[in-house]
Amino acid sequence: MSAAETPLRVGLIGYGLAGRAFHAPLIATTPGLTLQYAVTANPERREQLSRDFPEAQAVASVDELLADPSKLDLVVVASPNDTHSPSARAALDAGLPVVVDKPLAPTAAEARALIELAEARGLMLTVFQNRRWDSDFRTAKHLIADGKLGTVHRYESRFERWRPQVATGWRESADPAKAGGVLNDLGSHLVDQALHLFGPAAHVYAEVDTRRAGAAVDDDAFIALTHENGVHSHLWMSAVCAQPGPRLRILGDQSAYTVQGLDPQEAALRAGERPGPGWGEPAEDEWGLLGTTEEAHRYPSLPGDYPAFYAGVVSALRDGAPAPVDPRDSLAALEVLELARRSAAERKTL
């Protein structure tokens, strides 16, 4: 086997939900990658790792993982938000390219510093903005590019959930360094998608609330973006939505496109499934509706394709292709989220 054919050895930091359900299965099923190590000190998670990926070795800390960088070709950071920046910095300092789960860092300033470090060292840094590869988003992007909607004037996108009870864990922490709350958790997807489709935002307006009794972080938020090209994006994220609205609705001057349900990939990964034939394909009755009030029809959905992210990582490291997500895109989303928080606090458009 030539050096180019030898799989890239991956060290995964974190084996909680993100590491176990998203990153590890995608890494393990991507040609050209092999899951070599996973950082977790939790005995139950170590046991789970040995069952799920017996070829991978558990290590107790980031320091242990990076003690000999020659044993690795790539580091993936899938630990809690407040560890993203220090873990990514440690890997870059060790001379290794890095994938970071969203958000890239708790603040835009920290994200900018990471990007500058990666550029100075000539190392790939990319962000797992997996929702760019959702079925609904891929189909919407295709319809816009194909002109099937005409000129788009409004884009609506939602991640709304019904979780009225306050849970435990870092996502519910009031510590700003933990980057918890729906604005950071779900907003980082929604804002990234809107900016990816329609470009930079000229104005930001937001409403950010904490509605559950005993909650310490925001659990209900709305962001309105006016993009430089004139498109308006309305984005909802909530943990207290008893009846969610459409996942996507895009209005153009010739037609509209509406999707109700969620992309199937997250549920499949959480259930322990791995990518293979038929992966990411919504059922026909879950396809979006394309048309007008006079005439509308189900439009075939493109399959969701989270595996494309890690295929892009391999291409970037092997062939010098662009990273699958430019980290400056994630920085732009963080800057919008910080403006959104300010907008809500000051009750004005920024």
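Data for the structure
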quantity	calculated
CD proxy at 222 nm, helix term only [per DSSP H run n ≥ 4: -39500 (n - 2.57); per residue of the chain; nearest 500]	-9500 deg cm²/dmol
Magnitude of the charge dipole, the chain, Cβ model with Lys/Arg +1 and Asp/Glu -1, debye to 20	300 debye
Under-5 Å amide H pairs with ARG161, H placed in peptide plane, nonlocal only	SER238, ALA239, VAL240, CYS241
Estimated vicinal HN-Hα couplings, Hz - segment 278-287 in sequence order (Karplus 6.51, -1.76, 1.60; Gly, Pro = x)	x, 4, x, 8, x, 5, 4, 6, 9, 5
Inverse of mean 1/r across different Cα pairs in segment 253-304, Kirkwood, Å	12.3 Å
Rounded accessible area of LYS148 (nearest 10 Å², 1.4 Å probe)	80 Å²
The chain - percent relative contact order, Cα under 8 Å, separation 6 or more	19 percent
Exposure rank, largest accessible area first [MET237, MET124; 1.4 Å]	MET124, MET237
Amide proton proximity set for VAL127, modelled H, under 5 Å, gap of 5+	VAL100, VAL325
Amide hydrogen neighbours beyond the local backbone of GLU281, cut-off 5 Å, H modeled	GLY304
The chain: antiparallel DSSP beta bridges as a percent of all, rounded to 5	55 percent
Neighbour-limited loop hits for GluC sites (Glu not before Pro), segment 276-306 (at most 15 other Cβ within 10 Å; DSSP other than H, G, I, E, B)	GLU294, GLU295
Net dipole in debye of segment 1-108 [+1 Lys, Arg Cβ; -1 Asp, Glu Cβ; about Cα centre; nearest 20]	180 debye
Accessible carbon and sulfur surface of segment 41-144 relative to its total accessible area, %, 1.4 Å	47 percent
Solvent-accessible area per residue, Å², over the chain with all protein chains present [probe radius 1.4 Å]	44 Å²
Residue among SER315, THR34, ILE13 farthest towards the positive dipole end of the chain, charges placed on Cβ	ILE13
Directionally averaged shadow of the chain, computed from the convex hull of its alpha-carbon atoms, nm²	18.3 nm²
Net charge dipole size for segment 94-231 [Lys, Arg +1 and Asp, Glu -1 on Cβ; Debye, nearest 20]	320 debye
HN-Hα J in Hz across segment 338-344 - Karplus 6.51, -1.76, 1.60, θ = phi - 60°, x for Gly and Pro	5, 5, 4, 5, 5, 4, 5
Spatial extent of segment 23-147: Rg and Dmax, with the Cα atoms as the point set, Å	16.3, 53
Cα lying deepest toward the dipole's positive end in segment 84-166, options ALA145, THR126, GLY95, charges on Cβ	ALA145
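The values are calculated or read from the model by the stated rules, or taken from the named source; none is laboratory data. The shown structure was predicted, so the numbers you read here are calculated from the model rather than taken from an experiment. Heads up, the Cβs are rebuilt from the backbone with ideal geometry, glycines too, and the neighbour counts pull from every protein chain shown. Each accessible area value is taken on the protein alone, full model and side chains, heavy atoms only, with ligands, DNA and RNA left out. Shrake-Rupley method; radii C 1.70, N 1.55, O 1.52, S 1.80 Å.
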